[in-house]
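Report on the structure given below.
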Amino acid sequence: MNNTPNYVIAIDGYSSCGKSTFAKAIAALLQYIYIDTGAMYRAVTLYALNNKLITNGVANKEAVIEHLPKINVRFERETDGQVKTILNGEDVSETIRNLEVSKNVSAISAIKEVRQKMVELQRSMGKQKRVVLDGRDIGTVVFPDAEIKIFMTADPKVRAQRRYDELIAKNMPASFDEVYQNIIDRDHLDTTRAESPLTKADDAIVLDNTLLTPQEQVDWFLELVKSKG
Ligand code: DC
């Protein structure tokens, strides 16, 4: 796309809706930077698991807060467009996708101090604009003035099937029922937590992609950008 505008594009929505696939595609199209904010919460969760700060799904909040200054999360962009998530110098891009992290991430992302640190990082990464961020609170909290806000949703069974196929393709152990239950649990936790719960911003446009291919979603987006003039 030529003469792309200088926007912040905020994409929020439920777990496993294809937010990152969509966000990456439109970032490539507009030559924007893509910021996967879920990966940041996942990296903190991995740190907490590795350091035994979570027991039976319950986070030791005080200990997590105490460790926060020692947790360094950043992204590394490869020349081929791949983005690596780096936790304290280590590439954790694959590990943060495992089911153990998925099961515990809601406990970590519910902690106010964790969110404050991540939001600050996200704002500094996006301040020059020309960014696409995906997450849960981007259009409501991180960038409430974003020029384009999209709220993504899809049928939970379809979302579970997509995530299950992804895990199997990567040789990561999973059962469909477990993946489905994790999605239902995370929807509940993400929408009901006290700190920045997942909710559609008033000015966000809904994209339900249950029946849409990735290309159809990109086409939908192009129409949306055109309509903005
Ligand atoms: O998008 P994801 O499934 O990788 O995100 C992992 C978890 O992180 C998700 O269950 C909720 C949390 N999250 C959040 O609270 N706020 C964000 N901006 C992004 C993710």
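Name the pairs whose Cβ atoms lie under 9 Å apart, with the first residue in region 134-159 and under 16 Å from Ser124 (Cα atoms) and assigned to a helix (DSSP H, G or I), the second acidic (Asp, Glu) and within 13 Å of the ligand (Cβ to nearest atom), and 6 or more positions between them or separate chains?
Ile138/Asp12; Gly139/Asp12
(1) within 15 Å of the ligand (Cβ to nearest atom); (2) surrounded by fewer than 19 Cβ atoms within 10 Å (Cβ to Cβ); (3) in a helix (DSSP H, G or I): which one isn't true of Phe75, the others all being true?
With (1) within 15 Å of the ligand (Cβ to nearest atom); (2) surrounded by fewer than 19 Cβ atoms within 10 Å (Cβ to Cβ); (3) in a helix (DSSP H, G or I) applied to Phe75, the lone miss is (3).
Can you find a residue that is within 18 Å of the chain's Cα centre (by Cα), surrounded by 13 or more Cβ atoms within 10 Å (Cβ to Cβ) and in contact (Cβ under 8 Å) with a residue 60 or more places away in the chain anywhere in region 173-180?
yes
Does Ser20 satisfy the criteria of being closer than 26 Å to Met152 by Cα, modelled with pLDDT under 95 and out of contact with any strand residue (DSSP E or B) (no Cβ under 8 Å at 6 or more places or on another chain)?
No.
Could you pull out the residue among Lys112, Lys170 that is surrounded by fewer than 20 Cβ atoms within 10 Å (Cβ to Cβ), more than 23 Å from Phe22 (Cα to Cα), over 15 Å from the mean Cα position of the chain (by Cα) and touching a residue at least 60 places away in the same chain (Cβ under 8 Å)?
Lys112
Is it true that Ala48 is under 17 Å from Leu224 (Cβ atoms) and in contact with a strand residue (DSSP E or B) (Cβ under 9 Å, 6 or more places away or on another chain)?
no
Please indicate, with yes or no, whether at least one residue in region 188-204 is charged (D, E, K, R) and without any contact (Cβ under 8 Å) to a residue 12 or more places away in the chain.
Within region 188-204 (the criterion being charged (D, E, K, R) and without any contact (Cβ under 8 Å) to a residue 12 or more places away in the chain), the answer is yes, since at least one residue qualifies.
Which numbered condition in (1) more than 10 Å from the ligand (Cβ to nearest atom); (2) modelled with pLDDT of 95 or more is the only one that Ile35 fails?
Looking at each condition in turn, Ile35 falls short on (1).
Can you tell me which residue in region 115-153 is surrounded by the fewest Cβ atoms within 10 Å (Cβ to Cβ), limited to those that are more than 25 Å from Val44 (Cα to Cα) and hydrophobic (A, V, I, L, M, F, W, C)?
Checking each candidate, the answer is Ile148.
In region 1-58, which residues are in a strand (DSSP E or B) and not acidic (Asp, Glu)?
Val8, Ile9, Ala10, Ile11, Gly13, Ile33, Tyr34, Ile35, Ile54, Thr55, Val58
Among Pro197, Pro156, which is within 28 Å of Asn98 (Cβ to Cβ), surrounded by 13 or more Cβ atoms within 10 Å (Cβ to Cβ) and within 16 Å of the chain's Cα centre (by Cα)?
Every option except Pro197 fails the conditions.
The values are calculated or read from the model by the stated rules, or taken from the named source; none is laboratory data. Everything numeric here is computed off the predicted structure, so don't read it as measured data. Heads up, the Cβs are rebuilt from the backbone with ideal geometry, glycines too, and the neighbour counts pull from every protein chain shown.
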